[in-house]
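Q: This is the structure, below, for whatever I ask next.
The values are calculated or read from the model by the stated rules, or taken from the named source; none is laboratory data. Just so it is clear, the model here is predicted, and its values are computed rather than measured. For accessibility, only protein heavy atoms count, side chains too; no ligands or nucleic acids. Shrake-Rupley method; radii C 1.70, N 1.55, O 1.52, S 1.80 Å.
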Amino acid sequence: MRELSLLLLYLTSWEEEGLPEGFKRSWKGYPFEVLDALSADDLIRGGHRSKSVYLTENGVNEAKQLIKKYLNDDQYIDR
């Protein structure tokens, strides 16, 4: 569930002003235990009160690997 949640966070993400380039923000409508695990692995960051999280550089890189693994489609990698 962790991998697919990270993949979905990436695929539904957007770039936002005020974050370092390449960081992407996404709504966090996923089970808290999954979000906590992704946060513990430093793949996402964000407060518990916010409605969104952002993917760290490691999170973006791992999500791109998951695209190759599950989707086998490069069109989503450079979104």
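Q: For n ≥ 4 DSSP H runs only, could you compute -39500 (n - 2.57) per run for the chain, divide by its residues and tell me the 222 nm figure to the nearest 500?
A: -10500 deg cm²/dmol
Q: Now for a different question. For the chain, which whole-number percentage of the solvent-accessible area (1.4 Å probe, protein heavy atoms only) is attributable to carbon and sulfur atoms?
A: 49 percent
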